[in-house]
């Protein structure tokens, strides 16, 4: 994909992420792997995009008074710790293994959401 196409894909990701709250990484990572990125670079690069999208989506939801700031900050603080551990774990995982694990996680989430009352 040419660089000019990346912002167009970003628009789709931004709409999806801010609409369903999944952050966009679940779409960005497979997309980057399809473009030839290895798993580690795809995940790292997706976080740059997710950061920018998350700031914008937070502003949009805040304008609608749809943000619980305390809960978000507390979750985020825990996430800061976990975010330092995750890359270390990913460092030794081959891209093919990562793709399979990623697919299992996405499928499990889909089934859980579908069956949830």
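Given the options 57, 103, 49, which has the most mean-square fluctuation in a GNM of the chain, springs set between C-alpha atoms less than 10 angstrom apart?
103
Quick one: angle between helix 5-20 and the longest Cα principal axis of the chain, in degrees between 0 and 90, rounded to 10, please.
50 degrees
If each residue's Cβ is checked for other Cβ atoms within 10 Å, how do 46, 56 rank with the fewest at the top? Intermediate values should be presented prior to the final figure.
On the way: 46 24, 56 13.
Ordered from fewest to most neighbouring Cβ atoms within 10 Å, 46, 56 come out as 56, 46.
How tilted is helix 25-34 with respect to the longest principal axis of the chain? Cα atoms for both, answer in degrees (0 to 90, nearest 10).
Its long axis makes an angle of about 20 degrees.
Between 77, 96, 32, which gets the highest mean-square fluctuation from a Gaussian network model of the chain, Cα cutoff 10 Å?
The residue that fluctuates most here is 77.
Which residue, 95, 71, 58, has the most motion in a Gaussian network model of the chain that connects Cα atoms within less than 10 Å?
Taking springs between Cα atoms under 10 Å, the residue moving most is 71.
May I ask for the angle, rounded to the nearest 10°, between helix 39-63 and the longest principal axis of the chain, with both axes built from Cα atoms and the value confined to 0 to 90°?
10 degrees
Expressed in whole Å with the largest first, what are the equivalent ellipsoid semi-axes of region 5-115 derived from the C-alpha gyration tensor as the square root of 5 times each eigenvalue?
Details: eigenvalues 115, 61, 46 Å².
Output for region 5-115: semi-axes of 24, 17, 15 Å.
We did not get these values from a lab; they are worked out from the coordinates using the rules stated. In this text, all values refer to a predicted model and were calculated from it rather than measured experimentally. All Cβ positions, glycine included, derive from the backbone under ideal geometry; neighbour counts span all protein chains shown.
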